[in-house]
Amino acid sequence: MNLAVPEIQEECGVVGIYSPGEDAARLAFFGLFALQHRGQESAGLAVSDGRRIVVHKDMGLVTQVFNEEILATLKGGLAIGHTRYSTTGSSVLRNVQPISCESRNGCISIAHNGDLINATDIRSELEADGVVFETTNDSEVIAKLISRSDAETIEDAVTEAMHHISGAYSVVILAADKLIAMRDAYGIRPLCIGRLNGSRYVVASETCALNVLGASYVRDVEPGEIVVINGDGLREIQAIATQRHALCVFEFIYFARPDSIMYGRSLHEARRRMGHELAKEHPVRNAHVVFPIPDTGTPAAIGFAEASRIPYAEGVIKNRYIHRTFIQPDQRMRDLGVRMKLTPLKENLAGRRVVMVEDSIVRGTTTGQTVKMIRDAGAAEVHVRIASPPYKYPCFYGIDTAAQNELIAAKLSVDEIREYIGADSLGYLSLQGLMRAIGVKKDNFCRACLDGKYPLSISDQAKLQKFVFERETKEEPVEA
Ligand code: SF4
């Protein structure tokens, strides 16, 4: 869901369930739980019993928002769910998804992952037409476009909306008797379809959610496609033409869970091969140990250790109850998060030349603090290896990156970054090495934050701040 920008942060997870006669809310809850890594600020479910949609949503983790009592009130065989990291619109209750509204074809609820790059223009037009917005996120723009349509069916209204909106969006929509999924023309954010059995389906951001539900992977929702699932089965509509696939390459580097599969590749294996490539491109002679910054750096560190024949060990212990610092809403929370998140394992570090493998560097402050912590634990040398190329350009497609002037690789050379973070040496994986590791042609990816080539051109107007809509709307949280 969103328009915006400020460090790399994700994003959202979405899930949809079509399973008449079963407890769809509980299935969607398990699906959302598997997608918790994609957003930890809020969670919500919308459930239909075939006639009426009921929504429950709140701030917090999936297990904080839902319990047995609440799930028991959400009756029906169709459901959608959302777990949110805010990229457009602040982290307050009124921005929590799913968003519901009345349409000519009855009540609908929607859940969105991504950022629209023309939401401001569309919102202004709709407001000039008397439409009142209740949230400050761009997902409501999609909901309002669908709800105002005169089209005969919801599918037609969704198709119309897709002709207006531009940007990154993977969306699930719940109507009383059907589940709809749609994906932007470039397929920037992931969205896959799984089959529970017979005519029961799951749609989810990642295949890890299908695994948890025991669903078999059918295929991805294609770029520009709408998938409609109802009593007649699964129907596909190519709503808008696609130019090419441009899946966010950071799904492979960082965002998606390692047990997910994208483009037919295991993310764990791809990350392990990133470590192999990194070891070839930036070897470290005579190191005693390779360790990861867990968890996302772990497969690449295993790969680096394998390729370089340096022993792999844990160098830092992660407090598993602290969530990703990447996904904290502001710098103060991120700084606090770093100190609480990692503890050095002195017995594996003291007196040793160590290789620290991390998935990426955005601002550099977190990496600098970690290198200092490793030195304070007695490491003799700290060699930092990054399993992705330098992150130089901001993202406008649903990843809440820093503004460009906060991106360390946009301002400093590799050697200057090495000095800034206090490492003995620093090596980044090349784009070619990254693509070799993934094993998919680079033209199938958005990699704009690495090479500045945006698949969808970004107008100045679209280069908005995160809280763009809050300038126009009173910031008063409303009850769900
Ligand atoms: Fe992903 Fe980077 Fe493209 Fe954003 S700019 S969608 S983070 S590859």
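Side notes on the structure shown:
- Atom-type composition of the exposed protein surface of the chain places 49 percent of the accessible area on carbon and sulfur (1.4 angstrom probe).
- Restriction of the trypsin sites (Lys or Arg not before Pro) in the range 95-202 to DSSP coil positions whose beta-carbon has at most 14 other beta-carbons within 10 angstrom yields 104.
- A 1.4 Å probe run over the protein chains yields, for the chain, 37 Å² of accessible area per residue, whole-number rounding.
- Scattering curve values for the range 136-208, log₁₀ I(q)/I(0), Debye with Cα scatterers, q = 0.18, 0.22 Å⁻¹: -0.78, -1.08
- In loop segments of the range 240-292 as defined by DSSP, the trypsin sites (Lys or Arg not before Pro) with at most 14 further C-beta atoms inside 10 Å of their C-beta are 244, 285.
- Secondary-structure-derived ellipticity at 222 nm for the chain, considering helices only, amounts to -8000 deg cm²/dmol, per-run term -39500 (n - 2.57) for DSSP H runs with n ≥ 4.
- The phi-based Karplus calculation (6.51 cos²θ - 1.76 cosθ + 1.60; θ = phi - 60°) puts the 3J(HN,Hα) values of the range 367-373 at 5, x, 5, 5, 4, 4, 4 Hz, whole numbers, x for Gly and Pro.
- Estimated distance in nm for a label pair at residue 416 and residue 236, the labels positioned 7 Å out from Cα along Cα-to-Cβ: 4.8
- FRET E, pair residue 133, residue 286, Förster distance 60 Å, beta-carbon r, rounded to 0.05: 0.50
- Restriction of the GluC sites (Glu not before Pro) in the range 138-171 to DSSP coil positions whose beta-carbon has at most 13 other beta-carbons within 10 angstrom yields 152.
The values are calculated or read from the model by the stated rules, or taken from the named source; none is laboratory data. Every value quoted in this text rests on a predicted model; they were computed, and no experiment measured them. All Cβ positions, glycine included, derive from the backbone under ideal geometry; neighbour counts span all protein chains shown. Note: areas computed on protein heavy atoms with side chains; ligands, DNA, RNA excluded. Shrake-Rupley method; radii C 1.70, N 1.55, O 1.52, S 1.80 Å.
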